[in-house]
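Following: one structure in structure tokens, then a few remarks.
The values are calculated or read from the model by the stated rules, or taken from the named source; none is laboratory data. Predicted model, so just to flag it, every value in this text is computed and none were measured. Note that we place each Cβ from the backbone using ideal geometry, even for glycine, and neighbour counts take in every protein chain shown.
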Amino acid sequence: MRGYTLIRTKERFRLRHGILPILVIGGIYYFADHAVYGPHGFFAMIELRKQTTVLETQAAEVREMRERLDHQVSFLRPESVDPDLLDERVRASLGYVSPNDMKIYLNDK
């Protein structure tokens, strides 16, 4: 039995040396994937910028409408009542007409 020696291979050491690079590459892939496709990643940022642009446009439209309404309301304040505007608003909201008003009926065909 002395003539036989146990042959040792370095398979165990090769595997041990390969585990660290595999883990590092896997970690890099994991974080890179989340940086691009994750909920706070690159594509999510692009989508948020698109939504921001749309919402800023809507906010500008709402601001403009509010300014128009504020301007119309300023005519209805007691300090500066415009009688024509007040009469127009009362008739439109209550549906009343004056006996002197002329009615024009349009036939929609």
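Numbers below:
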| read-out | value |
| --- | --- |
| Residue within region 54-61 that is at pLDDT 95 or above and closer than 30 Å to Val90 by Cβ present | yes |
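Matching residues to (1) in a loop (DSSP other than H, G, I, E, B); (2) on the phi < 0 side of the Ramachandran plot; (3) surrounded by 10 or more Cβ atoms within 10 Å (Cβ to Cβ):
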| residue | (1), (2), (3) |
| --- | --- |
| His71 | no, yes, no |
| Ser74 | no, yes, yes |
| Leu86 | no, yes, yes |
| Arg89 | no, yes, yes |
| Ser93 | no, yes, no |
| Val97 | yes, yes, yes |
